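Below is one structure, written out as structure tokens; the observations come after it.
The values are calculated or read from the model by the stated rules, or taken from the named source; none is laboratory data. Just so you know, these numbers come straight off a predicted model, no measurement behind them. Cβ atoms come from the backbone with ideal geometry, glycine included; neighbour counts cover every protein chain shown.
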Amino acid sequence: MKTGIPYAKINRENFSMKSIRRIRLECLLAQNMELYDNGKTALVCVRRSDMDMLGADTDDTEDLASFARQVENTTVGITIQELKDGTCKISVRSSPELNASEVCALLGGGGHPAAAGCTVRGDVDVARESILEAIRKVRDRREQAHQA
């Protein structure tokens, strides 16, 4: 800072600015967000058709994985991104109540307890059902272990 570099401008450009496409994408995601488990699980879908409509690209989806987890009272946030190759990339962000890595491992993915991901062949509907079922299985296992 003593050298005179424009640190405020650099900070804003790297950490505070978003493209108009990104802002519109976030608006669309918020508008279409799905809540499950009495609002504890929030899910958003980034569809190819929405990306095309907005003129958005992969730069505009950077760091979207945490978007759904920002909702008040949620413990799990899920982002499903539809890819061009007929698969969906799923990102899970969770609180200690649910191990995201265990969930994604059921679908061939991995990560760590608070953040994990996997890829599912099929469209958004297939990915949604797959990840919600994996979450149910992990929660059921945890409940059974607590009862034992």
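The requirement of being free of Cβ contacts under 8 Å to residues at least 12 places away in the same chain, among the small types (Gly, Ala, Ser) and surrounded by fewer than 19 Cβ atoms within 10 Å (Cβ to Cβ) is satisfied by Ser49.
Which of the residues spanning the range 19-41 are of a type in the set (Asp, Glu) and under 17 Å from Arg128 (Cβ atoms)? Within the range 19-41, Glu34, Asp37 qualify. Working only within the range 42-62, note down all residues that are of a type outside the set (D, E, K, R) and over 16 Å from Leu132 (Cβ atoms). Those that are of a type outside the set (D, E, K, R) and over 16 Å from Leu132 (Cβ atoms): Val46, Ser49, Met51, Met53, Leu54, Gly55, Ala56, Thr58, Thr61.
Rundown of residues vs (1) in contact with a Pro (Cβ under 7 Å, 6 or more places away or on another chain); (2) under 17 Å from Leu132 (Cα atoms); (3) crowded, with 16+ Cβ neighbours inside 10 Å, yes/no style:
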{"position": "Leu64", "(1), (2), (3)": "no, no, yes"}
{"position": "Gln70", "(1), (2), (3)": "no, no, no"}
{"position": "Thr79", "(1), (2), (3)": "no, yes, yes"}
{"position": "Cys88", "(1), (2), (3)": "no, yes, yes"}
{"position": "Glu102", "(1), (2), (3)": "no, yes, yes"}
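List, please: which pairs have Cβ atoms under 6 Å, are six or more places apart or on different chains, and start with a residue in the range 131-142 that is free of Cβ contacts under 8 Å to residues at least 60 places away in the same chain and within 16 Å of Ala115 (Cα to Cα) and end with one that is crowded, with 16+ Cβ neighbours inside 10 Å and of a type outside the set (A, V, I, L, M)? Between residues of the range 131-142 that are free of Cβ contacts under 8 Å to residues at least 60 places away in the same chain and within 16 Å of Ala115 (Cα to Cα) and residues that are crowded, with 16+ Cβ neighbours inside 10 Å and of a type outside the set (A, V, I, L, M), the close pairs are Val138/Glu102. Picking from Leu43, Leu83, Leu25, which residue would you name as being crowded, with 20+ Cβ neighbours inside 10 Å and either farther than 19 Å from Ala115 by Cβ or among the acidic types (Asp, Glu) (or both)? One residue alone meets the criteria, Leu25. Would you confirm, using the coordinates I've provided, whether Ile10 is surrounded by fewer than 19 Cβ atoms within 10 Å (Cβ to Cβ), β-branched (Val, Ile, Thr), at pLDDT below 95 and assigned to a loop (DSSP other than H, G, I, E, B)? In short, no.
Of the numbered criteria (1) of a type in the set (Asp, Glu); (2) buried (at least 16 other Cβ atoms within 10 Å of the Cβ); (3) closer than 17 Å to Ser95 by Cβ, the one Asp123 fails is (3). When the range 52-62 is limited to residues that are among the acidic types (Asp, Glu) and touching a helix residue (DSSP H, G or I) at 6+ places or on another chain (Cβ under 9 Å), the one that is surrounded by the most Cβ atoms within 10 Å (Cβ to Cβ) turns out to be Asp60.
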